[in-house]
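See below for the structure under consideration.
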Amino acid sequence: MIIPAYNAGKTLEKTYRDIPRGLVNEVILVDDASRDKTIKIAKKLKITTFVHEHNLGYGGNQKTCYWEALKRKPDIVVLVHPDYQYDATLTGDLVKPIVDGRFDIMLGSRIRSRREALSGGMPLYKYLSNRFLTLTENLILGLSLSEYHTGFRAYSKKALKIIPFQRFSNDFVFDQETLIYAARHNLKIGEIPVPTRYFPEASSINFRRSLKYGFETLFCLIKSSV
């Protein structure tokens, strides 16, 4: 399992404690030049930790995560954000369809219903933008997923060998470039429902960054269609 971390000191331990020990062989954390106690807590928990001297961005962090994970020749790599927005106890449910050979990539979707997403604390503007981008992505990519914008996902070894993740953005749109490429190259993408958990300590990009992320996602979709 990989954890792309940045200033996650308040929630890292809770996230880590939820990871099923009998299922996950190793947890790898990449710290993107945090200014809090993330590294100290990771080392206390004896997590395999790599540290960026300078902040590379969310996508740049993930590139290191996948690079280090692939060195270990895994069958499946699971990503979970360390902000405790995602229920890592569901890792077994997330990876089972990959283990069974039915999917190459699995996503943990927080959008089971509008009421549940909003009651879980998801801001209304994030919910609406999530729905708009997801609908657009489904229409262009020919899929029927309920959410593309989750920080809890699993990739098969096959998927990570096909996806040229090192070529993608160092910013938040990295996740969408990954899924768009996967869909365009006929990798099978599935999902399971997971609870929505938003709270003050959980990381979240602001409205301006969300807007930039949305436009970049739309640009990537257009570019993939040309």
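The values are calculated or read from the model by the stated rules, or taken from the named source; none is laboratory data. All of these numbers come straight from a predicted model, not from anything done at the bench. Cβ placement follows ideal geometry from the backbone for every residue including glycine, while neighbour counts extend to all protein chains displayed.
Among the residues of the range 147-162, those identified as crowded, with 18+ Cβ neighbours inside 10 Å and either over 21 Å from G101 (Cβ atoms) or not polar (S, T, N, Q) (or both) are E147, Y148, H149, T150, G151, F152, R153, A154, Y155, A159, L160.
Which residue is modelled with the highest pLDDT, if the candidates are limited to the range 99-133 and must be of a type in the set (A, V, I, L, M) and more than 25 Å from V24 (Cβ to Cβ)? Reasoning before the result, please.
Residues of the range 99-133 of a type in the set (A, V, I, L, M): 99, 105-107, 111, 117-118, 122, 124, 128, 133.
This time we only want the ones that are more than 25 Å from V24 (Cβ to Cβ), so: 111, 117-118, 122, 124, 128, 133.
Working: I111: 90, A117: 82, L118: 86, M122: 88, L124: 90, L128: 93, L133: 96.
It comes out as L133.
Within the range 124-139, the set of residues being closer than 21 Å to D83 by Cβ, surrounded by 15 or more Cβ atoms within 10 Å (Cβ to Cβ) and not charged (D, E, K, R) comprises Y127, S129, N130, L133, T134. Of everything in the range 37-88 that is more than 16 Å from G9 (Cβ to Cβ) and of a type in the set (D, E), the residue that is farthest from the chain's Cα centre (by Cα) is E53. For G9, which of the numbered conditions (1) modelled with pLDDT of 95 or more; (2) out of contact with any Lys or Arg (no Cβ under 6 Å at 6 or more places or on another chain) fails to hold? Answer for G9: the failing condition is (2).
Please find, among E147, E137, E116, the residue that is more than 22 Å from G59 (Cα to Cα) and among the acidic types (D, E). Give the derivation first.
Working: E147 fails: more than 22 Å from G59 (Cα to Cα); E137 fails: more than 22 Å from G59 (Cα to Cα).
E116 is the lone residue from the list that is more than 22 Å from G59 (Cα to Cα) and among the acidic types (D, E).
Number of residues in the range 71-95 that are touching a residue at least 12 places away in the same chain (Cβ under 8 Å), of a type outside the set (D, E) and more than 16 Å from V24 (Cβ to Cβ): the value is 2. Q166 falls short on exactly one of the conditions (1) surrounded by 14 or more Cβ atoms within 10 Å (Cβ to Cβ); (2) modelled with pLDDT of 95 or more; (3) under 17 Å from the mean Cα position of the chain (by Cα), and that condition is (1). Just one of the numbered conditions (1) under 16 Å from L79 (Cα atoms); (2) surrounded by fewer than 21 Cβ atoms within 10 Å (Cβ to Cβ); (3) of a type outside the set (G, A, S); (4) out of contact with any helix residue (DSSP H, G or I) (no Cβ under 7 Å at 6 or more places or on another chain) is not true of K10: (1). Taking the numbered list (1) in a loop (DSSP other than H, G, I, E, B); (2) modelled with pLDDT of 95 or more; (3) not basic (K, R) in turn, I205 passes all entries but (2).
The rows are residues; the columns are (1) within 26 Å of F103 (Cα to Cα); (2) free of Cβ contacts under 8 Å to residues at least 60 places away in the same chain.
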residue: N186; (1), (2): yes, yes
residue: P193; (1), (2): yes, no
residue: T196; (1), (2): yes, no
residue: P200; (1), (2): no, yes
residue: F207; (1), (2): no, no
residue: E216; (1), (2): no, yes
residue: F219; (1), (2): no, yes
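Filtering K73, K96, K44, K63 for residues that are on the phi > 0 side of the Ramachandran plot, at pLDDT 95 or above and surrounded by fewer than 22 Cβ atoms within 10 Å (Cβ to Cβ) leaves a single hit, K73.
Taking T196, is it buried (at least 19 other Cβ atoms within 10 Å of the Cβ), farther than 18 Å from Q62 by Cβ and out of contact with any Phe, Trp or Tyr (no Cβ under 8 Å at 6 or more places or on another chain)? Yes; evaluated as a whole, the condition is true for this residue.
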